[in-house]
1. Taking the condition of being assigned to a loop (DSSP other than H, G, I, E, B) and either free of Cβ contacts under 8 Å to residues at least 12 places away in the same chain or not aliphatic (A, V, I, L, M) (or both), how many residues in segment 46-62 meet it?
2. Kindly list the number of the only condition in (1) in contact with a helix residue (DSSP H, G or I) (Cβ under 7 Å, 6 or more places away or on another chain); (2) without any contact (Cβ under 8 Å) to a residue 60 or more places away in the chain that fails for residue 19.
3. Run down 139, 135 and say which single residue is of a type outside the set (A, V, I, L, M), part of a loop (DSSP other than H, G, I, E, B) and modelled with pLDDT of 85 or more.
Amino acid sequence: MKKLKYLLVDDEKVIRDGLSAFLERYDIQTIHAEDALQARTILDKDDFDIVILDVIMPGENGLDLAKWIKEEKNIPVVLVTSLDETVDKIVGLEMGGDDYISKPFDPRELLARTKAILRRYQFEEQEHANSAFLTINLTERFIEVAGRRHQLNSSEYSLLKLLVDNLGEPVSRSELYSEVFKGVWHPESRAVDNIVSRMRLKTEQDNEFHRYIITVRHSGYMIPKELVQVIK
């Protein structure tokens, strides 16, 4: 199991050392930074699971650093401050903090909060990965992607079934035409391309980038294995 790595950013060494000693008892690796400049340098060279960030520091404050971290690194951030006003918490969360804890704090509470944030991030990443798949249900004749379900008409079903039967391999327009229309394909015919275009309107969020039904030059069309879930 991968060991967690936390970046502790605080200008008070006693806080960094105390929190580091506590976290390492739970097999969490910690790296220290005493200000925003040092933190930026470290973040550009290394990867972390989460950043614990003091808001009030000499030089660049923690809020600006949090905003940069979320924009450039997309790492979870817990903001720590001695201030305890609601407005400061709201601003901190708006600037990119995932959670907010006030000094003095119980290290056990901070640990619990960081673990909760990491579980949430892991869940969201899994949800995103699942939503990237195209589900083709041949039994009930529908496709589903990113929570959107579309029923298949007979032409769409026939075309997709042949592509699924040859998953990861290109299928020529002539083969697809023969399967869908039970006839002989002519090079000037756009019938197959028209069906594919309609399918792409249902499956693709970016009309210029085709990820589920891709065109293979001089060969036809193909559905990549890694992006599809088939239910037969």
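The values are calculated or read from the model by the stated rules, or taken from the named source; none is laboratory data. Everything numeric here is computed off the predicted structure, so don't read it as measured data. Cβ placement follows ideal geometry from the backbone for every residue including glycine, while neighbour counts extend to all protein chains displayed.
1. Residues in segment 46-62 being assigned to a loop (DSSP other than H, G, I, E, B) and either free of Cβ contacts under 8 Å to residues at least 12 places away in the same chain or not aliphatic (A, V, I, L, M) (or both): 8 in total.
2. Evaluating residue 19 over (1) in contact with a helix residue (DSSP H, G or I) (Cβ under 7 Å, 6 or more places away or on another chain); (2) without any contact (Cβ under 8 Å) to a residue 60 or more places away in the chain leaves (2) as the failure.
3. 139
Conditions tested, residue by residue: (1) under 18 Å from residue 6 (Cβ atoms); (2) aliphatic (A, V, I, L, M); (3) at pLDDT 85 or above.
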| position | (1), (2), (3) |
| --- | --- |
| 29 | yes, no, yes |
| 37 | no, yes, yes |
| 45 | yes, no, yes |
| 52 | yes, yes, yes |
| 109 | yes, no, yes |
| 112 | yes, yes, yes |
| 118 | yes, yes, yes |
| 122 | yes, no, no |
